[in-house]
1. May I ask for the Kirkwood hydrodynamic radius of the range A:27-114, worked out over all distinct Cα pairs and given in angstroms to one decimal?
2. For the range A:124-177, what log10 I(q)/I(0) values come out of the Debye formula at q = 0.22 1/Å, with one point per alpha carbon and no solvent?
3. Using Cα-Cα distances under 8 Å and only pairs 6 or more residues apart, what relative contact order does the range A:43-109 have, in percent?
4. Using a 1.4 angstrom probe, figure out how much accessible area the range A:50-133 has per residue, in square angstrom, rounded to the nearest whole.
5. Provide the buried accessible surface between chains A and B in square angstrom, both chains summed, 1.4 Å probe, rounded to the nearest 100.
6. Determine, at each q value in 0.12 (inverse angstroms), the log₁₀ of I(q)/I(0) that the Debye formula gives when each Cα of the range B:75-134 is one equal point scatterer.
7. Subtracting the Cα-Cα distance from 0.36 nm times the residue separation, let me have the gained length for A:Ala75 to A:Tyr148 in nm, one decimal.
8. Can you list residues from other chains, or at least 5 along the same chain, whose modelled amide H is less than 5 Å from the amide H of B:Leu142?
Amino acid sequence: MMKMKLNRSGVIAGILLIAFNILVLPTSIAGVVAVGVDAIITSTITETATTDLDFGSIDLDPAGDTVTIDASGGATTAATITASSIVTGETSGLITITSGVIASVAVVYPAADVTLTSGGNTLTIVAATIATFSSETGVATDGINPFYIYLGGTIVIPSGQATGTYSGSMNITINYS
Amino acid sequence: MPSFWKKSLIIRFWLILWSIALVFPVHGMGASAVVSQLVSFGTIDLHPGGDTITIAAAGGPAVPVAASNSVVIGGNSGLITVTSATVEHVDIIYPVTVTMASSPNSIQLVSIDINSQYNVGGADTLGGGLPLTISLGGVITLAAGQANGSYTAQIPIILNYS
(Lines give C-alpha, C1' and ligand atoms only; values in the text may rest on other atoms or scores of the structure.)
Protein backbone atom coordinates (compact mmCIF):
# COMPACT_ATOMS: atom_id res chain seq x y z
CA MET A 1 0.00 0.00 0.00
CA MET A 2 2.87 2.31 0.85
CA LYS A 3 4.44 1.61 -2.52
CA MET A 4 1.23 2.56 -4.32
CA LYS A 5 1.09 5.88 -2.47
CA LEU A 6 4.66 6.69 -3.47
CA ASN A 7 3.97 5.75 -7.07
CA ARG A 8 0.89 7.91 -7.26
CA SER A 9 2.81 10.76 -5.69
CA GLY A 10 5.57 10.30 -8.22
CA VAL A 11 3.16 10.35 -11.12
CA ILE A 12 1.45 13.46 -9.82
CA ALA A 13 4.80 15.15 -9.23
CA GLY A 14 5.94 14.29 -12.74
CA ILE A 15 2.76 15.62 -14.29
CA LEU A 16 3.01 18.78 -12.23
CA LEU A 17 6.61 19.24 -13.33
CA ILE A 18 5.61 18.91 -16.97
CA ALA A 19 2.81 21.39 -16.45
CA PHE A 20 5.18 23.75 -14.65
CA ASN A 21 7.65 23.49 -17.52
CA ILE A 22 4.99 24.19 -20.08
CA LEU A 23 3.26 27.01 -18.31
CA VAL A 24 5.92 28.77 -16.26
CA LEU A 25 9.51 28.02 -17.06
CA PRO A 26 11.06 30.22 -19.76
CA THR A 27 12.29 27.28 -21.74
CA SER A 28 14.17 27.80 -24.97
CA ILE A 29 15.76 25.81 -27.72
CA ALA A 30 18.77 26.81 -29.73
CA GLY A 31 19.80 26.01 -33.24
CA VAL A 32 22.88 26.82 -35.29
CA VAL A 33 22.66 27.82 -38.90
CA ALA A 34 25.82 27.83 -40.99
CA VAL A 35 25.71 30.44 -43.73
CA GLY A 36 28.26 30.39 -46.51
CA VAL A 37 30.25 33.52 -47.37
CA ASP A 38 32.52 34.17 -50.33
CA ALA A 39 34.63 36.87 -51.94
CA ILE A 40 36.60 36.64 -55.15
CA ILE A 41 39.56 38.97 -55.22
CA THR A 42 41.33 40.02 -58.37
CA SER A 43 43.90 42.75 -58.97
CA THR A 44 43.89 43.84 -62.56
CA ILE A 45 44.09 47.55 -61.74
CA THR A 46 47.53 49.16 -62.06
CA GLU A 47 48.48 52.79 -61.65
CA THR A 48 51.79 54.17 -62.86
CA ALA A 49 53.18 57.69 -62.67
CA THR A 50 54.54 57.55 -66.20
CA THR A 51 55.70 61.15 -66.64
CA ASP A 52 56.33 63.87 -64.08
CA LEU A 53 54.66 67.23 -64.45
CA ASP A 54 57.53 69.46 -65.50
CA PHE A 55 57.39 73.25 -65.85
CA GLY A 56 60.72 73.13 -67.69
CA SER A 57 63.44 75.72 -67.52
CA ILE A 58 62.06 79.20 -66.98
CA ASP A 59 64.21 82.18 -67.83
CA LEU A 60 62.18 84.50 -65.67
CA ASP A 61 60.85 87.88 -66.70
CA PRO A 62 62.34 90.37 -64.19
CA ALA A 63 58.81 91.37 -63.23
CA GLY A 64 57.85 87.78 -62.44
CA ASP A 65 55.48 85.55 -64.38
CA THR A 66 52.68 83.03 -64.26
CA VAL A 67 53.38 79.75 -65.99
CA THR A 68 50.59 77.35 -66.87
CA ILE A 69 50.63 73.90 -68.36
CA ASP A 70 47.16 73.18 -69.66
CA ALA A 71 46.63 69.42 -70.06
CA SER A 72 42.85 69.52 -69.80
CA GLY A 73 42.62 68.50 -73.45
CA GLY A 74 45.43 65.95 -73.35
CA ALA A 75 49.20 65.84 -73.38
CA THR A 76 51.08 69.04 -74.01
CA THR A 77 54.65 70.20 -74.17
CA ALA A 78 53.85 73.90 -74.30
CA ALA A 79 53.38 76.25 -71.39
CA THR A 80 51.48 79.51 -71.48
CA ILE A 81 52.85 82.57 -69.73
CA THR A 82 51.41 85.94 -68.81
CA ALA A 83 54.61 87.96 -69.09
CA SER A 84 57.66 87.41 -71.22
CA SER A 85 59.62 84.62 -69.58
CA ILE A 86 61.18 82.04 -71.86
CA VAL A 87 60.15 78.46 -71.03
CA THR A 88 61.77 75.37 -72.52
CA GLY A 89 61.50 71.60 -71.90
CA GLU A 90 58.12 71.72 -70.19
CA THR A 91 55.67 68.81 -70.30
CA SER A 92 52.41 67.75 -68.78
CA GLY A 93 52.39 64.87 -66.32
CA LEU A 94 50.96 61.47 -67.11
CA ILE A 95 49.42 58.70 -65.03
CA THR A 96 48.72 55.42 -66.80
CA ILE A 97 45.97 53.14 -65.57
CA THR A 98 45.24 49.63 -66.69
CA SER A 99 42.25 47.58 -65.66
CA GLY A 100 40.87 44.25 -66.69
CA VAL A 101 37.33 45.37 -65.98
CA ILE A 102 35.16 48.18 -67.19
CA ALA A 103 35.13 50.78 -64.47
CA SER A 104 34.25 54.39 -63.91
CA VAL A 105 37.24 56.41 -62.82
CA ALA A 106 36.98 59.42 -60.56
CA VAL A 107 40.13 61.48 -60.07
CA VAL A 108 40.56 63.55 -56.93
CA TYR A 109 43.19 66.25 -57.33
CA PRO A 110 44.96 67.92 -54.39
CA ALA A 111 42.79 70.24 -52.35
CA ALA A 112 45.79 72.20 -51.04
CA ASP A 113 48.51 74.03 -52.91
CA VAL A 114 51.50 71.88 -53.78
CA THR A 115 54.81 73.20 -52.55
CA LEU A 116 57.96 72.94 -54.63
CA THR A 117 61.25 73.52 -52.85
CA SER A 118 64.77 74.40 -53.79
CA GLY A 119 66.82 74.46 -50.64
CA GLY A 120 65.17 77.06 -48.47
CA ASN A 121 63.15 78.59 -51.29
CA THR A 122 59.66 77.59 -52.34
CA LEU A 123 57.12 77.90 -55.13
CA THR A 124 53.58 76.62 -55.18
CA ILE A 125 51.33 75.02 -57.73
CA VAL A 126 47.94 76.55 -57.08
CA ALA A 127 45.57 73.74 -56.04
CA ALA A 128 42.58 74.89 -58.01
CA THR A 129 44.59 75.05 -61.19
CA ILE A 130 45.62 71.41 -60.98
CA ALA A 131 42.03 70.23 -61.40
CA THR A 132 41.33 72.89 -64.01
CA PHE A 133 44.30 72.11 -66.19
CA SER A 134 44.35 68.31 -65.81
CA SER A 135 42.23 65.59 -67.39
CA GLU A 136 38.54 65.41 -66.66
CA THR A 137 37.75 63.66 -63.40
CA GLY A 138 34.91 61.33 -64.35
CA VAL A 139 35.71 58.85 -67.10
CA ALA A 140 35.71 55.12 -67.69
CA THR A 141 38.14 52.37 -68.54
CA ASP A 142 37.14 49.89 -71.22
CA GLY A 143 38.69 46.87 -69.53
CA ILE A 144 41.22 46.44 -72.34
CA ASN A 145 43.20 49.54 -73.23
CA PRO A 146 45.33 51.69 -70.92
CA PHE A 147 43.69 54.78 -69.60
CA TYR A 148 45.58 58.06 -69.27
CA ILE A 149 45.32 60.96 -66.88
CA TYR A 150 47.17 64.10 -67.95
CA LEU A 151 48.34 66.56 -65.33
CA GLY A 152 48.81 70.30 -65.50
CA GLY A 153 48.65 73.36 -63.30
CA THR A 154 49.90 76.87 -62.70
CA ILE A 155 52.80 78.34 -60.76
CA VAL A 156 53.01 82.01 -59.93
CA ILE A 157 56.63 83.20 -59.81
CA PRO A 158 57.23 86.55 -58.17
CA SER A 159 59.85 89.03 -59.28
CA GLY A 160 63.22 88.17 -57.85
CA GLN A 161 62.40 84.52 -57.20
CA ALA A 162 65.60 82.71 -56.31
CA THR A 163 66.99 80.65 -59.13
CA GLY A 164 67.27 76.90 -58.67
CA THR A 165 65.65 73.55 -59.35
CA TYR A 166 62.32 73.35 -57.54
CA SER A 167 60.71 69.99 -56.98
CA GLY A 168 57.96 68.36 -54.97
CA SER A 169 55.26 65.76 -55.17
CA MET A 170 51.49 65.71 -55.09
CA ASN A 171 49.02 63.01 -54.15
CA ILE A 172 46.26 62.21 -56.58
CA THR A 173 43.52 59.81 -55.55
CA ILE A 174 41.92 57.60 -58.16
CA ASN A 175 38.64 55.93 -57.27
CA TYR A 176 36.93 53.18 -59.21
CA SER A 177 33.36 52.02 -59.27
CA MET B 1 4.51 -10.20 -10.87
CA PRO B 2 7.73 -10.66 -8.86
CA SER B 3 8.65 -7.77 -6.62
CA PHE B 4 11.96 -7.22 -8.48
CA TRP B 5 10.25 -6.71 -11.86
CA LYS B 6 7.59 -4.50 -10.31
CA LYS B 7 10.28 -2.25 -8.86
CA SER B 8 12.11 -2.19 -12.15
CA LEU B 9 9.01 -1.10 -14.03
CA ILE B 10 8.30 1.58 -11.49
CA ILE B 11 11.84 2.92 -11.76
CA ARG B 12 11.65 2.93 -15.58
CA PHE B 13 8.33 4.73 -15.51
CA TRP B 14 9.78 7.34 -13.17
CA LEU B 15 12.84 7.87 -15.33
CA ILE B 16 10.78 8.30 -18.48
CA LEU B 17 8.36 10.69 -16.82
CA TRP B 18 11.07 12.88 -15.31
CA SER B 19 13.06 12.84 -18.53
CA ILE B 20 10.03 14.11 -20.40
CA ALA B 21 9.43 16.73 -17.75
CA LEU B 22 13.02 17.99 -17.84
CA VAL B 23 13.77 18.13 -21.53
CA PHE B 24 10.43 18.57 -23.23
CA PRO B 25 11.01 21.53 -25.62
CA VAL B 26 7.96 23.67 -25.50
CA HIS B 27 8.95 26.49 -27.81
CA GLY B 28 10.82 26.25 -31.05
CA MET B 29 9.46 22.85 -31.76
CA GLY B 30 7.68 24.01 -34.86
CA ALA B 31 10.30 26.51 -36.10
CA SER B 32 12.69 25.85 -38.89
CA ALA B 33 15.51 27.98 -40.25
CA VAL B 34 17.02 27.58 -43.66
CA VAL B 35 19.77 29.44 -45.51
CA SER B 36 18.09 31.03 -48.49
CA GLN B 37 21.12 32.93 -49.78
CA LEU B 38 24.78 32.96 -48.87
CA VAL B 39 26.71 36.16 -48.16
CA SER B 40 28.62 37.15 -51.27
CA PHE B 41 31.08 40.00 -51.57
CA GLY B 42 31.13 39.44 -55.30
CA THR B 43 34.18 39.80 -57.48
CA ILE B 44 36.43 42.56 -56.18
CA ASP B 45 38.98 44.06 -58.52
CA LEU B 46 41.05 45.45 -55.69
CA HIS B 47 42.12 49.06 -55.48
CA PRO B 48 45.93 49.06 -55.49
CA GLY B 49 45.94 50.77 -52.12
CA GLY B 50 43.74 48.12 -50.51
CA ASP B 51 40.14 48.59 -49.51
CA THR B 52 37.33 47.90 -47.07
CA ILE B 53 34.21 46.26 -48.43
CA THR B 54 30.96 46.49 -46.47
CA ILE B 55 27.63 44.78 -46.86
CA ALA B 56 25.35 46.87 -44.64
CA ALA B 57 22.30 44.66 -44.26
CA ALA B 58 21.09 45.77 -40.82
CA GLY B 59 18.03 47.26 -42.48
CA GLY B 60 17.46 44.52 -45.03
CA PRO B 61 19.00 43.24 -48.26
CA ALA B 62 22.12 45.11 -49.40
CA VAL B 63 24.99 44.91 -51.86
CA PRO B 64 28.73 45.24 -51.20
CA VAL B 65 30.16 48.75 -51.23
CA ALA B 66 33.87 49.61 -51.42
CA ALA B 67 35.25 52.42 -49.26
CA SER B 68 38.06 53.23 -51.67
CA ASN B 69 36.09 52.33 -54.73
CA SER B 70 37.59 49.09 -55.84
CA VAL B 71 35.51 47.68 -58.64
CA VAL B 72 32.95 45.32 -57.13
CA ILE B 73 30.89 43.21 -59.47
CA GLY B 74 27.90 41.33 -58.12
CA GLY B 75 27.53 40.29 -54.53
CA ASN B 76 24.66 40.38 -52.09
CA SER B 77 23.73 40.07 -48.45
CA GLY B 78 22.92 36.65 -47.04
CA LEU B 79 19.47 35.50 -46.07
CA ILE B 80 18.08 33.14 -43.45
CA THR B 81 14.40 32.29 -43.58
CA VAL B 82 12.68 31.24 -40.36
CA THR B 83 9.20 29.76 -40.34
CA SER B 84 7.10 28.48 -37.47
CA ALA B 85 3.59 27.32 -36.80
CA THR B 86 3.18 29.67 -33.87
CA VAL B 87 4.63 33.08 -33.09
CA GLU B 88 7.93 32.62 -31.33
CA HIS B 89 10.67 34.97 -30.23
CA VAL B 90 14.10 34.33 -31.66
CA ASP B 91 17.34 35.90 -30.48
CA ILE B 92 20.21 35.84 -32.94
CA ILE B 93 23.83 35.54 -31.92
CA TYR B 94 26.34 36.45 -34.59
CA PRO B 95 30.01 35.50 -34.40
CA VAL B 96 32.52 38.27 -33.77
CA THR B 97 34.96 37.19 -36.46
CA VAL B 98 35.00 34.63 -39.23
CA THR B 99 38.14 33.73 -41.12
CA MET B 100 37.67 33.42 -44.85
CA ALA B 101 40.31 31.28 -46.47
CA SER B 102 41.81 30.86 -49.86
CA SER B 103 44.62 28.56 -48.90
CA PRO B 104 47.17 29.53 -47.76
CA ASN B 105 45.80 33.07 -47.51
CA SER B 106 43.00 34.42 -45.40
CA ILE B 107 40.95 37.53 -44.67
CA GLN B 108 38.78 38.41 -41.69
CA LEU B 109 35.06 38.95 -41.87
CA VAL B 110 34.08 41.27 -39.00
CA SER B 111 31.23 43.49 -37.80
CA ILE B 112 28.72 40.84 -38.77
CA ASP B 113 26.35 41.75 -35.96
CA ILE B 114 25.97 45.45 -36.66
CA ASN B 115 25.58 44.81 -40.36
CA SER B 116 22.93 42.11 -39.99
CA GLN B 117 19.29 42.21 -39.03
CA TYR B 118 17.82 41.84 -35.55
CA ASN B 119 21.20 42.06 -33.86
CA VAL B 120 19.63 43.76 -30.86
CA GLY B 121 16.50 42.35 -29.30
CA GLY B 122 15.94 39.56 -31.78
CA ALA B 123 12.68 39.19 -33.67
CA ASP B 124 9.34 37.44 -33.49
CA THR B 125 8.48 34.82 -36.04
CA LEU B 126 5.27 35.40 -37.90
CA GLY B 127 3.64 32.07 -37.18
CA GLY B 128 1.30 30.25 -39.48
CA GLY B 129 4.21 29.06 -41.56
CA LEU B 130 4.88 32.57 -42.85
CA PRO B 131 8.56 33.39 -43.46
CA LEU B 132 10.63 35.73 -41.30
CA THR B 133 13.71 36.78 -43.27
CA ILE B 134 16.99 37.78 -41.67
CA SER B 135 19.51 39.60 -43.83
CA LEU B 136 23.20 39.12 -43.14
CA GLY B 137 26.17 41.36 -43.86
CA GLY B 138 29.62 42.22 -42.60
CA VAL B 139 32.92 43.89 -43.40
CA ILE B 140 36.13 42.63 -44.95
CA THR B 141 39.31 44.68 -44.98
CA LEU B 142 41.70 43.96 -47.81
CA ALA B 143 45.31 45.03 -47.60
CA ALA B 144 47.18 46.44 -50.56
CA GLY B 145 48.52 43.47 -52.42
CA GLN B 146 46.04 41.03 -50.91
CA ALA B 147 46.51 37.72 -52.68
CA ASN B 148 44.04 37.01 -55.43
CA GLY B 149 41.72 34.09 -54.94
CA SER B 150 38.31 32.85 -53.98
CA TYR B 151 37.89 33.25 -50.23
CA THR B 152 35.19 31.25 -48.50
CA ALA B 153 33.95 30.35 -45.03
CA GLN B 154 30.90 29.35 -43.05
CA ILE B 155 29.30 31.78 -40.62
CA PRO B 156 27.83 29.94 -37.62
CA ILE B 157 24.76 31.81 -36.43
CA ILE B 158 22.94 30.77 -33.27
CA LEU B 159 19.17 31.11 -33.14
CA ASN B 160 17.68 30.97 -29.66
CA TYR B 161 13.93 30.40 -29.61
CA SER B 162 11.92 31.24 -26.54
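1. Result for the range A:27-114, one decimal place: 17.9 Å.
2. -0.97
3. 44
4. Numbers: 3910 Å² over 84 residues.
Ligands and nucleic acids excluded, the result is 47 Å² per residue.
5. Details: alone 11470 and 9750 Å², together 17160 Å².
Roughly 4100 Å².
6. The Cα Debye sum returns log10 ratios of -0.40.
7. 25.3 nm
8. B:Asp51, B:Thr52, B:Ile53
The values are calculated or read from the model by the stated rules, or taken from the named source; none is laboratory data. Bear in mind that the values here come from a model prediction, so they are computed numbers and not experimental data. Methodologically, a virtual Cβ is constructed for each residue, glycine included, from the backbone with ideal geometry; neighbour enumeration extends over all protein chains shown. Note: accessible area is taken over every heavy atom of the protein model, side chains too, but ligands, DNA and RNA are not part of it. Shrake-Rupley method; radii C 1.70, N 1.55, O 1.52, S 1.80 Å.
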